[in-house]
Amino acid sequence: MAETKTILRALAGETMPTPPIWMMRQAGRYLPEYKATRAEAGDFLSLCYNSDLATEVTLQPIRRYGFDAAILFADILLVPQALGADLWFVTGEGPRLSTITGEADFAKLGGKDDIHETLNPIYQTVRNLRSALPPETTLIGFAGAPWTVATYMIAGKGTPDQAPAHALKATHPEVFDALMARITEATIEYLSHQIDAGAEVVKIFDSWAGSLKGADFDKYALAPTKEIIAALKARHPDTPIIAFPREAGENYIGFAKATGADCVAIDDSVTAEWAAQNVQTDGCVQGNLKSSHMVTGGDALVSETRRIVDALKGGPHIFNLGHGITPDADPANVQLMIDTVRGA
Ligand code: 1CP
């Protein structure tokens, strides 16, 4: 049967007259209905692990906007927690984790097969979503890439320059490499279980790939992504994979071919015209509207959206933001973006 889901068609390499669209962080604090469900759950992690409420917040932006894809509501930091790290969220500040400063901290972590006890509710959310989503909507599962997840596990929080992770890599390379290997194998199991539960696409978020320079990019961003994709493709050959090595710049070139990804998501530090010339030549590209347009709206939003659609119309393209929508965004601007993409 011919594929009817637009996201899956674009991921298979089809050039569509209108690009399918979804949005990073499409469930989240810019939506009043999200805030209400989060309040009901009590806190962010309780929301992630409550399959019924996580299903509800995943569906909210689909009901409101009719996006072409839903992304599982969860977080990249659930894998560290499932490996035994302490994880909590400080209101107004963000995530906090126990840190990894040497061999003793690493030795306390569990193995790849220990993660499912913690992560079972996430697989249940995926199963709920597959039966609840409209037939035209694609379900995307996800995980963080090993480098990005390692930066949080090492520092114990988000860092502007990932300095603690770079330091551990330099001073304790054996601990750093063992941690990267542990996250890589756990991520393969996690994503494979998401696919078994019904995820139709998976996305690998390497939000801090841009701080890896030179040979480090190949070793710690490209190679682990390639390893995860090879393992997933061996088990699930028909499941497309989106890679997001954020702020990779010139390293976006050839990333899909080198890793086996079906689509490369690009941030807003490169132009869509450049991506058409240098990245889309290898297959589907996703991105790259600046998230700030969801706050400011108006003519600039419309003209930038049109420019991106136009620049990438010669090949497979999934419209998206260059990074997640922010809590100060106006939900009306999201509708304006969708109407502009769909030509209403
Ligand atoms: O207060 C709240 O309600 C929490 C805000 C929030 C949300 C809505 C966090 C905390 N995580 C999420 C959900 C989330 N996170 C999703 C769900 C699906 C969707 O997109 O709607 C996804 C895909 C993520 C992925 C994620 N979490 C990334 C990778 C993508 C990116 O934005 O770069 C990262 C780096 C995280 C860590 C994280 N979780 C939450 C915050 C505030 C952060 C960033 C922390 C920091 O660096 O300081």
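Readers should treat all values here as calculations from the given coordinates under stated rules, not as data from a laboratory. What you see is a predicted model; the values in this text were computed from it and never measured. Heads up, the Cβs are rebuilt from the backbone with ideal geometry, glycines too, and the neighbour counts pull from every protein chain shown.
Among 108-118, 48-58, 162-172, what's the highest-first ranking by average C-beta atoms within 10 angstrom per residue?
Ranked by mean Cβ neighbours within 10 Å, highest first: 48-58, 162-172, 108-118.
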- prompt: Looking only at I122, I76, I204, which one moves most when the chain is put into a Gaussian network model with springs between Cα atoms under 10 Å?
  reply: I76
task: Subtracting the Cα-Cα distance from 0.36 nm times the residue separation, let me have the gained length for D114 to D43 in nm, one decimal.
output: 23.1 nm
- prompt: Could you give the dipole magnitude of region 72-265 about its Cα centre, charging the beta-carbon of Lys and Arg +1 and that of Asp and Glu -1, in debye to the nearest 20?
  reply: 160
Those aspartates and glutamates that a straight Cα-Cα span of less than 15 Å connects to K213, excepting residues fewer than 8 apart in one chain: D161, E247, E250
message: I want to verify a result. In a Gaussian network model of the chain, Cα cutoff 10 Å, which of these has the top mean-square fluctuation: D262, D75, D299?
response: D299
- prompt: With labels modelled as points extended 7 Å from the Cα through the Cβ direction, what inter-label distance (nm, one decimal) is found for F89 paired with R235?
  reply: 2.7
field: Convex hull per residue volume in Å³, alpha carbons only, for the chain
entry: 123
query: Residue by residue through region 277-282, which ³J(HN,Hα) values in whole Hz follow from phi under the Karplus form 6.51 cos²θ - 1.76 cosθ + 1.60 (θ = phi - 60°), with glycine and proline marked x?
result: 6, 10, 10, 5, 4, 9
- prompt: For G110, which sequence-distant residues (separation of 5 or more, or a different chain) have an amide H within less than 5 Å of its own amide H, given hydrogens modelled in the peptide plane?
  reply: G84
Unit charges on C-beta of K, R, D, E only; dipole of region 257-322, Debye: 60
message: For a Förster distance of 22 Å, can you work out the FRET efficiency between the beta-carbons of K35 and D339, rounded to the nearest 0.05?
response: 0.35
message: Cross-link candidates for K313: which lysines have Cα within less than 27 Å, leaving aside residues fewer than 8 places away along the same chain?
response: K5, K203, K257, K290
- prompt: How far is the Cα center of region 290-312 from the Cα center of region 218-287, in Å?
  reply: 23
- prompt: Under 5 Å between amide H atoms, partner at least 5 residues away or on a different chain: which partners does F205 have, H built in plane at 1.01 Å?
  reply: A143, G144, A145
task: Kindly rank 8-17, 311-320 from highest to lowest mean number of other beta carbons found within 10 Å of each residue.
output: 311-320, 8-17
- request: For the chain, find the longest principal axis of its Cα atoms and tell me its angle to the long axis of helix 32-41, 0 to 90°, nearest 10.
  value: 30
statement: Given backbone amide H placed at 1.01 Å from N, residues whose amide H is under 5 Å from that of H317, ignoring those fewer than 5 places away on the same chain, are M16, V285
- request: Quick one: among E227, E200, E40, which has the greatest mean-square fluctuation in a GNM of the chain with alpha-carbon springs under 10 angstrom?
  value: E40
statement: Karplus-derived 3J(HN,Hα) from phi for region 194-211 (6.51 cos²θ - 1.76 cosθ + 1.60, θ = phi - 60°), whole Hz, x at Gly and Pro, runs 4, 5, 4, 7, x, 5, 8, 8, 10, 10, 10, 8, 10, 4, 10, 4, x, 8
message: Once each part is reduced to its C-alpha centroid, what is the distance from region 118-147 to region 35-107 in angstrom?
response: 13
- request: Using the Karplus curve 6.51 cos²θ - 1.76 cosθ + 1.60 with θ = phi - 60°, work out ³J(HN,Hα) for each residue of region 233-248 in order, rounded to whole Hz, and write x for Gly and Pro.
  value: 5, 5, 8, 9, x, 9, 8, x, 10, 9, 10, 10, x, 4, 6, 6
field: Nearest-ten-degree value, helix 51-65 long axis tilted from longest Cα axis of the chain
entry: 30
